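**Q** My questions will all concern the structure given below.
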Amino acid sequence: MNAFEANFDGLVGPTHNYSGLSFGNIASDRNQAKPSNPKQAALQGLTKMKALYDLGMVQGVLAPQERPDVQTLRRLGFSGSDSSVLFQAAQYAPRVLAACCSASSMWTANAATVSPSADTLDSRVHFTPANLTNKFHRSIEHETTGRILRATFPNERHFRHHCALPGVEQFGDEGAANHTRFCHEYGQRGVEFFVFGRYAFDSSKPAPSKFPARHTYEASQAIARKHQLSSRDVVYAQQNPDVIDQGVFHNDVIAVGNRDLLFCHQQAFLDQEEVKRRLTRAMQDDFRVIEVPTEQVSVQDAVRSYLFNSQLLSLPDGRTLLVIPEECRQTPAVWHYLQDLVASGRGIDELKIFDLKQSMSNGGGPACLRLRVVLNEEERAAVNPHTLINDELYAKLSAWVNKHYRDRLEERDLADPKLLMESRFALDELTQILNLGSIYPFQR
């Protein structure tokens, strides 16, 4: 049966702001306290979705989380009316309030790990929401993420949904940002590549010293077990601790893959030559690597431009497309390298550039915004059709954003009860547009 890779992008939520919550993410730290534009952010994301749909890609959308997260604030001891909860949090714990208002679920590369039916023992597509334990503002996402995924992929005959791993640092799981699937054809059994930052139960192993290694080896092993993957078709690799300390907080900031091609920086992995050998063996010696030399693109330029936080896509006509942010064109060494790469015919045929400045300013590029889901024809037919982008849905969502979103938001605005009500009203309408049912706490 024919199969293909669909991309499900996160819709940016109404509370998109720059609170600098992600230690280890240089862009997040650098832009803390600057005013944001939620409307522009959401429209920039929708523009990318529509453009890929127009190229013939299957493109879906995943709903944002309810923010401010009043339910979590109540769990932390704030009480009274919703307005009172927001007021108390702003007075006594403003950083906690900021965390409970983050629109970080827009980066759906962290939403979950997905294994296609061709790889799993029960021949179903498996989903496990990421627990994201390293950052409080993200650790509160996974329950609603699970409900959104179940509403988007509802048919139990084709889709298997798991709970997140235990929410402790030893099983820190950052989802598909540290997971890549390689294959020759999407419908054939593939090789699942799990990248981790550290070993949780062996302190003798290498680990970064400046910034946290968010994802553990033990979490990757657990996901592979839950998804019923064959051990011969799984490869594990450790991130280079030195590049984590330079701002490479996820593997998708330093490497991206698609089908039989890995596009990565020379310093991406610990013992990189061995990693390439293991991947090549697992792919029956039919595997390609484009490795970017440090002398041509430094780690700093890779992080600044998000060169590797790009989407590596197979177009319907067989060409390979690299979707990059505008920042790549604005970084001379990166742009020079990409021009030479396309001209060389070494595996990437075309570049497509998007303005994603609102997301980039908070540390997320094109690849952060999407969750890859390989589907065959029957599985595609079982997806909630209201979540698949087409001309009509794009127009509806654009009108919805223009109707409900603010065009300027500062951290001081997060305690405004009107923002809470605006967000809830918008999300309630969105669940009807996407036919998701009652997925949010305020609806339940």
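The values are calculated or read from the model by the stated rules, or taken from the named source; none is laboratory data. If you're wondering where the values come from, they're calculated on a predicted model, not measured in any experiment. All Cβ positions, even for glycine, are placed from backbone atoms using ideal geometry, and neighbour counts span all protein chains on display. Ligands, DNA and RNA are stripped out before the accessible areas are found, and what is left, the full protein with its side chains, is counted by its heavy atoms. Shrake-Rupley method; radii C 1.70, N 1.55, O 1.52, S 1.80 Å.
**Q** I'd like the residue in the range 71-82 that is in contact (Cβ under 8 Å) with a residue 40 or more places away in the chain and out of contact with any Leu (no Cβ under 7 Å at 6 or more places or on another chain) and, out of all such residues, is surrounded by the most Cβ atoms within 10 Å (Cβ to Cβ).
**A** For the range 71-82, the residue satisfying everything is T72.
**Q** Quick one: count up the residues across the range 259-268 that are open to solvent by less than 10 Å² (accessible area, probe 1.4 Å) and either closer than 13 Å to F193 by Cα or not aliphatic (A, V, I, L, M) (or both).
**A** Total meeting the criteria: 5.
**Q** Same structure again: Inspect all residues belonging to the range 47-59 and state whether any of them is on the phi > 0 side of the Ramachandran plot and either surrounded by 14 or more Cβ atoms within 10 Å (Cβ to Cβ) or under 22 Å from the mean Cα position of the chain (by Cα) (or both).
**A** Among the residues of the range 47-59, at least one is on the phi > 0 side of the Ramachandran plot and either surrounded by 14 or more Cβ atoms within 10 Å (Cβ to Cβ) or under 22 Å from the mean Cα position of the chain (by Cα) (or both), which makes the answer yes.
**Q** Going by the structure shown, is I439 in contact with a helix residue (DSSP H, G or I) (Cβ under 7 Å, 6 or more places away or on another chain), open to solvent by less than 30 Å² (accessible area, probe 1.4 Å), under 21 Å from R74 (Cβ atoms) and β-branched (V, I, T)?
**A** yes
**Q** Also, quick follow-up: Could we say that A93 is surrounded by fewer than 17 Cβ atoms within 10 Å (Cβ to Cβ), modelled with pLDDT of 95 or more and over 18 Å from the mean Cα position of the chain (by Cα) here?
**A** Taking the combined requirement at face value, the residue satisfies it.
**Q** Now, a different point. List the number of the failed condition for V289; all other conditions in (1) of a type outside the set (G, A, S); (2) more than 23 Å from the chain's Cα centre (by Cα); (3) farther than 29 Å from V12 by Cβ hold.
**A** Condition not satisfied by V289: (2).
**Q** Looking at (1) under 19 Å from A255 (Cβ atoms); (2) surrounded by fewer than 21 Cβ atoms within 10 Å (Cβ to Cβ); (3) among the basic types (K, R), which is the only condition K357 fails?
**A** (1)
**Q** When you scan the range 271-339 for strands (runs of 3 or more DSSP E) that lie fully inside it, which ones turn up with 3 or more residues that are open to solvent by 30 Å² or more (accessible area, probe 1.4 Å) and over 22 Å from G45 (Cα atoms)?
**A** 288-292
**Q** Of the residues F136, F153, F171, which single one is aromatic (F, W, Y), over 28 Å from V235 (Cα atoms) and in contact (Cβ under 8 Å) with a residue 24 or more places away in the chain?
**A** On the way: F153 fails: over 28 Å from V235 (Cα atoms); F171 fails: over 28 Å from V235 (Cα atoms).
The conditions single out F136.
**Q** Among the residues that make up the range 176-190, is at least one of them more than 20 Å from the chain's Cα centre (by Cα) and open to solvent by less than 10 Å² (accessible area, probe 1.4 Å)?
**A** So far as the range 176-190 goes, yes, one or more of its residues are more than 20 Å from the chain's Cα centre (by Cα) and open to solvent by less than 10 Å² (accessible area, probe 1.4 Å).
Residue-wise test of (1) farther than 21 Å from C100 by Cβ; (2) more than 24 Å from the chain's Cα centre (by Cα); (3) among the small types (G, A, S).
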| position | (1), (2), (3) |
| --- | --- |
| R372 | yes, no, no |
| N376 | yes, no, no |
| R380 | yes, no, no |
| H386 | yes, no, no |
| Y405 | no, no, no |
| D413 | no, yes, no |
| L419 | no, yes, no |
| S423 | no, no, yes |
| L434 | yes, no, no |
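Results for (1) free of Cβ contacts under 8 Å to residues at least 60 places away in the same chain; (2) of a type in the set (V, I, T), shown as yes or no for each residue.
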| site | (1), (2) |
| --- | --- |
| Y217 | yes, no |
| V243 | yes, yes |
| V256 | no, yes |
| L261 | no, no |
| V275 | yes, yes |
| E291 | yes, no |
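**Q** Determine which single condition K205 fails, assuming it passes every other condition in (1) in contact with a Lys or Arg (Cβ under 8 Å, 6 or more places away or on another chain); (2) in a strand (DSSP E or B); (3) open to solvent by 10 Å² or more (accessible area, probe 1.4 Å).
**A** Failing condition for K205: (2).
**Q** Could you go through the range 365-375 and let me know if any residue there is modelled with pLDDT under 95, at positive phi and surrounded by 22 or more Cβ atoms within 10 Å (Cβ to Cβ).
**A** Within the range 365-375 (the criterion being modelled with pLDDT under 95, at positive phi and surrounded by 22 or more Cβ atoms within 10 Å (Cβ to Cβ)), the answer is no, since none of the residues qualifies.
**Q** Further question on the same structure: Among the candidates A224, A219, A237, A213, single out the residue that is part of a loop (DSSP other than H, G, I, E, B) and surrounded by 15 or more Cβ atoms within 10 Å (Cβ to Cβ). So that I can check it myself, show each step before the final result.
**A** Details: A224 fails: part of a loop (DSSP other than H, G, I, E, B); A219 fails: part of a loop (DSSP other than H, G, I, E, B); A237 fails: part of a loop (DSSP other than H, G, I, E, B).
So the residue among A224, A219, A237, A213 that is part of a loop (DSSP other than H, G, I, E, B) and surrounded by 15 or more Cβ atoms within 10 Å (Cβ to Cβ) is A213.
**Q** In the range 402-444, how many are at pLDDT 95 or above, assigned to a loop (DSSP other than H, G, I, E, B) and not small (G, A, S)?
**A** 10
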